[in-house]
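Structure record follows, encoded as structure tokens.
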């Protein structure tokens, strides 16, 4: 228990430290639907540049008074290590209005009165406001806890859902919503990510309905649905939130993540095409699923180069080196991998020239002058033999 508590304290400290560099912007939006103002918390990526063409996934956080910070901290931390993309996070403050905001009719179990107004506010006012002022993409995630985790389900019932991913943390589910979710999810035509979590110490009434709903959703056969459920041990209604958020983000952005050992062994090496073809397909799939282009990262370069060498695929290594030159013309990556290609091809003199040229370029995360010099000495010795 002592270790678990200290681990959670460490995570909190990390998130606080990271958020010093990625602090929230506080905005107020005038709402016709809500007949008044609503306060927002907005976190932009560290490297956010409004002049760039790139766009960022948008994460809308309900119950933003307390749920915004753990979401924003996780986003900032994981995107720093390139495990997930940079995202725009928007939290809606609801401390004084949440009961009205999430109100639903006792007969239809769908939003009514103030609940219907809040439902329309997000689609008709909040999203246009964010898209007008910030570089948000069409890949949108919505997050809720308790009452708000039930409320996010209503956006699935639009003919064309405005969100692609849903994070429901210990939802206080409305009556009949499980059956209606089943009917809706069965006919989804767009790839949709859905994450739900509870804990063994969750509120009993909520836990029972969540477990029942999980049984129903798990049985649905729809290839467009990417579903994950967690039932955390030693987690109550509130502590499960801190454990569920990173799990949900990992599920939603699983395709985006860098190539790890498991993917390398089970997918890259067994791919029917070349390692380079696998890389191209992976990045094309990322753009298709998430609606934005991912810049080639060094981790994936290393993995594809290793697979090309393991398979003696010189052509794949050559294509990779050309791609690196295009994306990183001023980096040592350019010289290092083109040198590797010529070395694999057997042209040691060209390899030596390329390694030497790298000394004048910028070091990368893994390639520096010492590595370039080691390669130069290695090739020089081979040429002298």
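The values are calculated or read from the model by the stated rules, or taken from the named source; none is laboratory data. Values in this document were obtained by computation on a predicted structure and should not be read as measured data. No Cβ is skipped: glycine too gets one built from the backbone with ideal geometry, and neighbour counts run over all protein chains shown.
Matching residues to (1) farther than 14 Å from residue 249 by Cα; (2) surrounded by 24 or more Cβ atoms within 10 Å (Cβ to Cβ); (3) touching a strand residue (DSSP E or B) at 6+ places or on another chain (Cβ under 8 Å):
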residue	(1), (2), (3)
92	yes, yes, yes
96	yes, no, no
117	yes, no, no
138	yes, no, no
144	no, yes, yes
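Mind checking whether some residue in region 335-346 is closer than 21 Å to residue 260 by Cβ and in contact with a strand residue (DSSP E or B) (Cβ under 8 Å, 6 or more places away or on another chain)?
no
In the set (1) modelled with pLDDT of 95 or more; (2) closer than 20 Å to residue 78 by Cα; (3) not in a helix (DSSP H, G or I), the condition left unmet by residue 246 is number (3). Scanning region 260-305 for residues that are closer than 23 Å to residue 195 by Cβ, outside any helix (DSSP H, G or I) and out of contact with any strand residue (DSSP E or B) (no Cβ under 8 Å at 6 or more places or on another chain) turns up 260, 294. Got at least one residue in region 38-45 being surrounded by fewer than 21 Cβ atoms within 10 Å (Cβ to Cβ), out of contact with any strand residue (DSSP E or B) (no Cβ under 7 Å at 6 or more places or on another chain) and in the same structural domain as residue 125 (by TED's automatic domain parsing)? Checked region 38-45: no residue is surrounded by fewer than 21 Cβ atoms within 10 Å (Cβ to Cβ), out of contact with any strand residue (DSSP E or B) (no Cβ under 7 Å at 6 or more places or on another chain) and in the same structural domain as residue 125 (by TED's automatic domain parsing). Among the residues of region 200-232, the one identified as in contact with a helix residue (DSSP H, G or I) (Cβ under 7 Å, 6 or more places away or on another chain), farther than 18 Å from residue 166 by Cα and part of a strand (DSSP E or B) is 232. Residues that are within 22 Å of residue 94 (Cβ to Cβ) and either at pLDDT below 95 or out of contact with any helix residue (DSSP H, G or I) (no Cβ under 7 Å at 6 or more places or on another chain) (or both) within region 35-52 comprise 35, 36, 37, 38, 39, 40, 42, 44, listed in sequence order.
Could you tell me which of the residues 235, 197 is touching a residue at least 40 places away in the same chain (Cβ under 8 Å) and either touching a helix residue (DSSP H, G or I) at 6+ places or on another chain (Cβ under 7 Å) or within 30 Å of residue 131 (Cα to Cα) (or both)? Walk me through it before giving the result.
Numbers: 235 fails: touching a residue at least 40 places away in the same chain (Cβ under 8 Å).
The unique qualifying residue is 197.
Of the residues screened, residue 163 is one that is modelled with pLDDT of 95 or more and assigned to a loop (DSSP other than H, G, I, E, B). Can you name the number of the only condition in (1) within 23 Å of residue 61 (Cβ to Cβ); (2) surrounded by 18 or more Cβ atoms within 10 Å (Cβ to Cβ) that residue 178 fails? Exception for residue 178: condition (1).
The set of residues in region 98-115 that are farther than 21 Å from residue 167 by Cα and loosely packed, with under 14 Cβ neighbours inside 10 Å comprises 105, 106, 107, 108, 113. Failed condition for residue 272, given (1) surrounded by fewer than 14 Cβ atoms within 10 Å (Cβ to Cβ); (2) touching a helix residue (DSSP H, G or I) at 6+ places or on another chain (Cβ under 7 Å); (3) outside the structural domain of residue 87 (by TED's automatic domain parsing), with all others met? Condition not satisfied by residue 272: (2). Report yes if residue 321 is touching a strand residue (DSSP E or B) at 6+ places or on another chain (Cβ under 8 Å), outside the structural domain of residue 191 (by TED's automatic domain parsing), free of Cβ contacts under 8 Å to residues at least 60 places away in the same chain and over 16 Å from residue 267 (Cα atoms), otherwise no. When the stated conditions are applied, residue 321 does not pass them.
Would you check if residue 156 is over 25 Å from residue 112 (Cβ atoms), surrounded by 13 or more Cβ atoms within 10 Å (Cβ to Cβ) and in the same structural domain as residue 142 (by TED's automatic domain parsing)?
Against the criterion (over 25 Å from residue 112 (Cβ atoms), surrounded by 13 or more Cβ atoms within 10 Å (Cβ to Cβ) and in the same structural domain as residue 142 (by TED's automatic domain parsing)), residue 156 does not qualify.
Listed here are the residues, each with its yes/no results for (1) within 24 Å of residue 253 (Cα to Cα); (2) surrounded by 14 or more Cβ atoms within 10 Å (Cβ to Cβ).
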residue	(1), (2)
277	yes, yes
291	yes, yes
316	no, yes
384	no, no
